[in-house]
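J.: Sharing a structure here in structure tokens format.
The values are calculated or read from the model by the stated rules, or taken from the named source; none is laboratory data. All figures in this text were calculated on a predicted structure; none of them were measured in a lab. A quick note on method: Cβ atoms are made from the backbone with ideal geometry, for glycine too, and the neighbour counts reach across all protein chains shown.
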Protein chains: 2
Amino acid sequence: MTPAQAQLVEQIRGSFGPKTAVTDPEAIAPWLTDWRGRFHGSAPAMLAPATTAEVAAIVRLAGDAGVPLVPQGGNTSMVGGATPPADGSALLLTTRRMNRIRALSPESNLAVAEAGVILADLRAAAEREGRRFPLDLGARGSATIGGLVSTNAGGTQVLRFGTMRSLVAGVEAVLPDGSVHEGLAPLKKDNRGYDLNQLLIGAEGTLGIVTAATLRLVPGMVSRAVAWAGLESPARALALLRSIEARTDAVESFEIVPDATLALVLGHVPGLRAPLETRHPWHVLIEAVATDPGAEPPTALLERLLGTAIEEELAGDAVIAASEAQAESFWRIRHSISEAERAAGPALQHDISVPVDDMPRFMVEGGAAAEARFPGTHAVAYGHLGDGNVHFHVRAPAGADPARWYVEQGPAITRFVHDMVVAAGGSISAEHGIGQMKRAELERLGPVARLSALRAIKGALDPRGILNPGKLVALAPGGRTP
Amino acid sequence: MTPAQAQLVEQIRGSFGPKTAVTDPEAIAPWLTDWRGRFHGSAPAMLAPATTAEVAAIVRLAGDAGVPLVPQGGNTSMVGGATPPADGSALLLTTRRMNRIRALSPESNLAVAEAGVILADLRAAAEREGRRFPLDLGARGSATIGGLVSTNAGGTQVLRFGTMRSLVAGVEAVLPDGSVHEGLAPLKKDNRGYDLNQLLIGAEGTLGIVTAATLRLVPGMVSRAVAWAGLESPARALALLRSIEARTDAVESFEIVPDATLALVLGHVPGLRAPLETRHPWHVLIEAVATDPGAEPPTALLERLLGTAIEEELAGDAVIAASEAQAESFWRIRHSISEAERAAGPALQHDISVPVDDMPRFMVEGGAAAEARFPGTHAVAYGHLGDGNVHFHVRAPAGADPARWYVEQGPAITRFVHDMVVAAGGSISAEHGIGQMKRAELERLGPVARLSALRAIKGALDPRGILNPGKLVALAPGGRTP
């Protein structure tokens, strides 16, 4: 611990008590490595403020002392976004003691949750009031509201409800100078200049520490229907989605799965069966939800829409789950892909997006191009077709040594995939952010106008580089480059 | 014209032809005053680039020459946001030659429109393809896409579809250094750091000149139903809205009107009749829209929902327009309020918002407080209850001399209203922006953390103060203060 760090820890303990600064290395250790074990950092202390005022005081003191802070929620970043630098120059700041749901109103469909509230807890609290917080992802048991806001998280309900950005009605955050941005008021219309809430969403804690958010809730589910359809191509799948979207808002999920991936899952997970008896090159899983007891039941809705789709030859065949158990088994296929893919061999995964319209072409041509360029590899694309966001995996050639293949082939394959994404006007980070992992690729792929604006904003709001150093974007020359 | 301005005009004419720089004072004159005649500016030349590349070149040249530019679309700002400074130091830059709809796809529900495209033209183009661009406002025949993006415009369809921010899927803009931000790709998920599109929306041309936008379309209307309900109070009206929102997404408008205002309209506009035979202190106009021919018809939907509302005593009485003509007459009442109010005497109008939940209280208590503080005045609040945004008028005492009353009482009344808004956690600009008109009030009411962040961002991206000087926010001390 440097003298400046030691003094800072003393000040914080003196002001806010011993719980607010943890220095026991064993207590800190679990939070120095990301959950996938890919990034390792070091921090001589972990600060644990309990209130926004404490966060503000800590940021002010840290700024004066020149000690950077790394905010951390559930430590579920996919890109090393919450892992401190390896040199021990920064302190961790965990939000986990700020875990209060300050308000939850089913009347106004809003909740105010502190940064450390865990996603699953918020979802459960909303359900107890007959409402839903419509963002869901695998890390729901650990991921926190502060992290979800700071990474503009996506998940499986984006098709209807959008990413976190669409669900955030207000943000409270401590800015790098220690001032508090009080933006929690849920104003549907507010045109007082640059929208700081929007700027903080997805900023990965580099412009401010999100301490609380006002979040939109949606009506509770009255009933749902889950369908499985087999079809010819991603292009037909997209046409089917368009046809459905033109007729209803009730579809909340639309996931695409190639036939080979379905076969892989069925071979890997005992007890799962193919939903359709007919064979098809591609499959989609569709969920429709009713929130009004008086509205057309979702089963009738999907029967009607899929009937039309089969007549129009968008789909070859379709089945609607006859029971909740069957609906669950359809979803289990989807949720088992990641595990089945892992069992099939080492693969490089890419979290990428392109314009929705272009996704069918990208899935087919991009996959073929990757396989042609890296002989023996197998490209797999599946996921949120309607979000323009697929999981794009490139699996190692059979028999390849995983460790060696990752090191020798990984960077070239990833650059190849990212180049295709950029050529399609897409994003090298659809929902995971940049963090540490994608910083070099962001620097490489620009665009220059964008990078230069990002650096200017970082330099203007955090000239001393106090918040989350080494993530997302380096300060411009002249500012301190973490 | 200063030598620097003259040289700049020569350079631009030399590069892009005579049409690109107008110096005829008569041709410029109409664009130097805002449409309400409240702000008067001066500019020795009006630049009229035809392409994004021309805008970029002009901004670069202007930056080098130190000549500020004032971007202007349809000149329909309500806050003097597109009127140049009075000292002639800046040149106008009109986007009207950039009026191409570059693409419009009913399949993907997206349009790409250049900054100078007029709202009505975009709406008509979408309708020709069986789609809607769901933003509408009085200035639809003049307001341009660039201006609507730059002011995050609202209007009458915000309840269901949100403000411009919700409808913008991509932004192309020339930044103050002359670089082009190419953000048109409609990516539903893109987490590559700070969202520049979001930053440019509502920035009033002070951070970049929006040259084009990708815009979301929604399905065309199959049928609509328009209802009028009478009820006890704004609180009941909000409860009715909540009850409807919990059951359907089909309601696109929900406007509240006090009974005295209805009476005013009926007395002012010949041929209009009260929709209900019973008397009620408050009224709401509700429009529901179907986009799926197979879905429950909106008339049946509103009958069902309003039937429930009357049973639950949220509404006292309600009627659904029996014909399109009757539906139009209900809307005519709403659209005539502004005119009837004007005829009733001089009034100060405030474009304010508070959290939706608090709006019923604000309408009642805020109105009473203003009348008590300024004896003889009459406060009227009506409009977009569901957006937390009402038109809050304070009418002069009977017999007051308009000009004198505006000058002597206006500023104090407006400060009083704004203070109440701030106390309620609201915004002193719901949809019109800050421009020149509200800059002093924004400075007065802060909050400080927000203002200081706004200044830092402006200073970082436009350190020379080239874009739209004198609007929204002054540069921080050290930067040039326009």
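J.: Would you check if A:Leu175 is closer than 30 Å to A:Glu441 by Cα and touching a strand residue (DSSP E or B) at 6+ places or on another chain (Cβ under 6 Å)?
T.: In short, yes.
J.: Where the second residue is in a strand (DSSP E or B) and the first is among the basic types (Lys, Arg) and lies in segment A:206-217, which pairs have Cβ atoms under 8 Å and are six or more apart or on separate chains?
T.: Note: pairs meeting the criteria are A:Arg216/A:Leu110; A:Arg216/A:Val168; A:Arg216/A:Ala169.
J.: If B:Ala260 satisfies all but one of (1) over 30 Å from B:Ser329 (Cβ atoms); (2) out of contact with any Gly (no Cβ under 9 Å at 6 or more places or on another chain), what's the number of the condition it fails?
T.: (1)
J.: Separate question: Scan segment A:167-180 and give yes if some residue there is at the interface with another protein chain (Cβ under 8 Å from one of its Cβ atoms), in contact with a Gly (Cβ under 7 Å, 6 or more places away or on another chain) and either closer than 22 Å to A:Ala53 by Cβ or not polar (S, T, N, Q) (or both), otherwise no.
T.: Among the residues of segment A:167-180, at least one is at the interface with another protein chain (Cβ under 8 Å from one of its Cβ atoms), in contact with a Gly (Cβ under 7 Å, 6 or more places away or on another chain) and either closer than 22 Å to A:Ala53 by Cβ or not polar (S, T, N, Q) (or both), which makes the answer yes.
J.: Taking interchain pairs and intrachain pairs at least six residues apart, which have beta carbon atoms under 7 angstrom, with the first residue in segment B:187-198 and within 15 Å of A:Asp357 (Cα to Cα) and at the interface with chain A (Cβ under 7 Å from one of its Cβ atoms) and the second outside any loop (DSSP other than H, G, I, E, B) and among the β-branched types (Val, Ile, Thr)?
T.: From residues that are within 15 Å of A:Asp357 (Cα to Cα) and at the interface with chain A (Cβ under 7 Å from one of its Cβ atoms), the pairs are B:Lys188/A:Val158; B:Lys188/A:Val356; B:Lys189/A:Val158.
J.: Against the condition in a helix (DSSP H, G or I) and β-branched (Val, Ile, Thr), how does A:Val421 come out, does it pass?
T.: Working: in a helix (DSSP H, G or I): yes; β-branched (Val, Ile, Thr): yes.
So A:Val421 passes the test.
J.: How many residues, within segment A:372-429, are among the polar types (S, T, N, Q), farther than 19 Å from A:Glu443 by Cβ and surrounded by fewer than 21 Cβ atoms within 10 Å (Cβ to Cβ)? Don't jump to the end; show me each part of the working.
T.: Here is the first cut: in segment A:372-429, the residues among the polar types (S, T, N, Q) are A:377, A:389, A:409, A:414, A:427, A:429.
Those still in the list that are farther than 19 Å from A:Glu443 by Cβ too: A:377, A:389, A:409.
Next cut, surrounded by fewer than 21 Cβ atoms within 10 Å (Cβ to Cβ) only: A:409.
Summing the residues that are among the polar types (S, T, N, Q), farther than 19 Å from A:Glu443 by Cβ and surrounded by fewer than 21 Cβ atoms within 10 Å (Cβ to Cβ) in segment A:372-429 gives 1.
J.: Identify the residue in segment B:240-259 that is in contact with a strand residue (DSSP E or B) (Cβ under 8 Å, 6 or more places away or on another chain) and part of a helix (DSSP H, G or I) and, among all such residues, is modelled with the lowest pLDDT. Give the derivation first.
T.: So in segment B:240-259, the residues in contact with a strand residue (DSSP E or B) (Cβ under 8 Å, 6 or more places away or on another chain) come out as B:240-241, B:244-248, B:250-259.
In the following step, the residues that additionally are part of a helix (DSSP H, G or I) were identified as B:240-241, B:244-245, B:259.
Values: B:Leu240: 96, B:Leu241: 95, B:Ile244: 92, B:Glu245: 87, B:Asp259: 97.
Among those residues, the one meeting the criterion is B:Glu245.
J.: Tally time: how many residues in segment B:94-118 are under 18 Å from the mean Cα position of the chain (by Cα) and free of Cβ contacts under 8 Å to residues at least 40 places away in the same chain?
T.: So the count comes out to 1.
J.: Just to check your reading of the model, which residue among B:Gly376, B:Gly433, B:Gly465, B:Gly399 is closer than 30 Å to B:Val55 by Cα, away from chain A (no Cβ under 14 Å) and part of a loop (DSSP other than H, G, I, E, B)?
T.: B:Gly465
J.: Can you list residue pairs whose Cβ atoms sit under 9 Å apart, with the first residue in segment A:388-417 being farther than 26 Å from A:Glu431 by Cα and the second being surrounded by fewer than 14 Cβ atoms within 10 Å (Cβ to Cβ) and modelled with pLDDT of 95 or more? Count only pairs 6 or more apart in sequence or on different chains.
T.: Note: pairs meeting the criteria are A:Pro397/A:Pro375; A:Pro397/A:Gly376; A:Ala398/A:Gly376; A:Gly399/A:Gly376; A:Ala400/A:Gly376.
J.: Between A:Ala139, A:Ala125, which is touching a Phe, Trp or Tyr at 6+ places or on another chain (Cβ under 9 Å), hydrophobic (A, V, I, L, M, F, W, C) and touching a residue at least 60 places away in the same chain (Cβ under 8 Å)?
T.: Matching residue, one of A:Ala139, A:Ala125: A:Ala139.
J.: Among the residues of segment B:233-264, write down those that are within 14 Å of chain A (Cβ to nearest Cβ), among the β-branched types (Val, Ile, Thr) and surrounded by 22 or more Cβ atoms within 10 Å (Cβ to Cβ).
T.: B:Ile244, B:Val251
J.: Could you run through segment A:339-365 and say how many residues are surrounded by 16 or more Cβ atoms within 10 Å (Cβ to Cβ), of a type in the set (Gly, Ala, Ser), outside any loop (DSSP other than H, G, I, E, B) and more than 14 Å from every other protein chain (Cβ to nearest Cβ)?
T.: 2
J.: Then there's this: Exactly one of these conditions fails for A:Val269: (1) within 9 Å of chain B (Cβ to nearest Cβ); (2) hydrophobic (A, V, I, L, M, F, W, C); (3) touching a residue at least 12 places away in the same chain (Cβ under 8 Å). Give me its number.
T.: (1)
J.: I've got another one for you. For segment B:204-221, does any single residue satisfy the condition of being within 24 Å of the chain's Cα centre (by Cα), facing another protein chain (nearest Cβ under 7 Å), closer than 26 Å to B:Glu431 by Cα and acidic (Asp, Glu)?
T.: No: zero hits.
J.: Any residue in segment B:308-319 that is on the phi < 0 side of the Ramachandran plot sitting within a Cβ distance under 6 Å of a residue that is among the polar types (S, T, N, Q)? List the pairs, counting only those 6 or more apart or interchain.
T.: From segment B:308-319, the pairs are B:Asp317/B:Thr278.
J.: On to the next question. Just one of B:Ala456, B:Ala460, B:Ala449 is modelled with pLDDT under 95, crowded, with 17+ Cβ neighbours inside 10 Å and closer than 25 Å to B:Leu196 by Cβ; which is it?
T.: Just one listed residue meets the conditions, B:Ala449.
J.: Also, I was wondering about something else. Can you work out which of the residues in segment B:128-166 that are polar (S, T, N, Q) and either at the interface with chain A (Cβ under 9 Å from one of its Cβ atoms) or closer than 20 Å to B:Ile434 by Cβ (or both) is farthest from the chain's Cα centre (by Cα)?
T.: If we take residues in segment B:128-166 being polar (S, T, N, Q) and either at the interface with chain A (Cβ under 9 Å from one of its Cβ atoms) or closer than 20 Å to B:Ile434 by Cβ (or both), then B:Ser166 is farthest from the chain's Cα centre (by Cα).
J.: I need a count of the residues in segment A:439-458 that are at the interface with another protein chain (Cβ under 8 Å from one of its Cβ atoms) and under 16 Å from A:Met78 (Cβ atoms).
T.: Selection size over segment A:439-458: 1.
J.: Pairs, please: C-beta under 7 Å, at least 6 apart or cross-chain, first residue under 16 Å from A:Leu240 (Cβ atoms) and in segment A:354-367, second β-branched (Val, Ile, Thr)?
T.: A:Met359/A:Val390; A:Met363/A:Val390
J.: While we're here: Which numbered condition in (1) under 26 Å from A:Arg444 (Cβ atoms); (2) part of a strand (DSSP E or B); (3) basic (Lys, Arg) is the only one that B:Arg224 fails?
T.: The single condition B:Arg224 does not satisfy is (1).
J.: What number of residues within segment A:308-329 are within 23 Å of A:Arg273 (Cα to Cα) and either within 14 Å of chain B (Cβ to nearest Cβ) or polar (S, T, N, Q) (or both)?
T.: Total satisfying the criteria: 3.
J.: Additional query: In the set A:Gly230, A:Gly271, A:Gly267, A:Gly202, which member is assigned to a strand (DSSP E or B) and either buried (at least 24 other Cβ atoms within 10 Å of the Cβ) or among the small types (Gly, Ala, Ser) (or both)?
T.: Working: A:Gly271 fails: assigned to a strand (DSSP E or B); A:Gly267 fails: assigned to a strand (DSSP E or B); A:Gly202 fails: assigned to a strand (DSSP E or B).
After ruling out the rest, the residue left standing is A:Gly230.
J.: Based on what the data block shows, is B:Ile201 more than 10 Å from chain A (Cβ to nearest Cβ), within 20 Å of the chain's Cα centre (by Cα) and hydrophobic (A, V, I, L, M, F, W, C)? Talk me through it step by step, then tell me what you get.
T.: Numbers: more than 10 Å from chain A (Cβ to nearest Cβ): no; within 20 Å of the chain's Cα centre (by Cα): yes; hydrophobic (A, V, I, L, M, F, W, C): yes.
Criteria not met by B:Ile201.
J.: Might you check whether a residue that is within 20 Å of A:Gly155 (Cα to Cα) and either part of a helix (DSSP H, G or I) or modelled with pLDDT under 95 (or both) occurs anywhere in segment A:304-317?
T.: Scanning segment A:304-317 turns up no residue that is within 20 Å of A:Gly155 (Cα to Cα) and either part of a helix (DSSP H, G or I) or modelled with pLDDT under 95 (or both).
J.: Answer yes or no: is there a residue in segment B:17-30 that is modelled with pLDDT of 95 or more and in contact with a Ser or Thr (Cβ under 7 Å, 6 or more places away or on another chain).
T.: No - not one qualifying residue is present in segment B:17-30.
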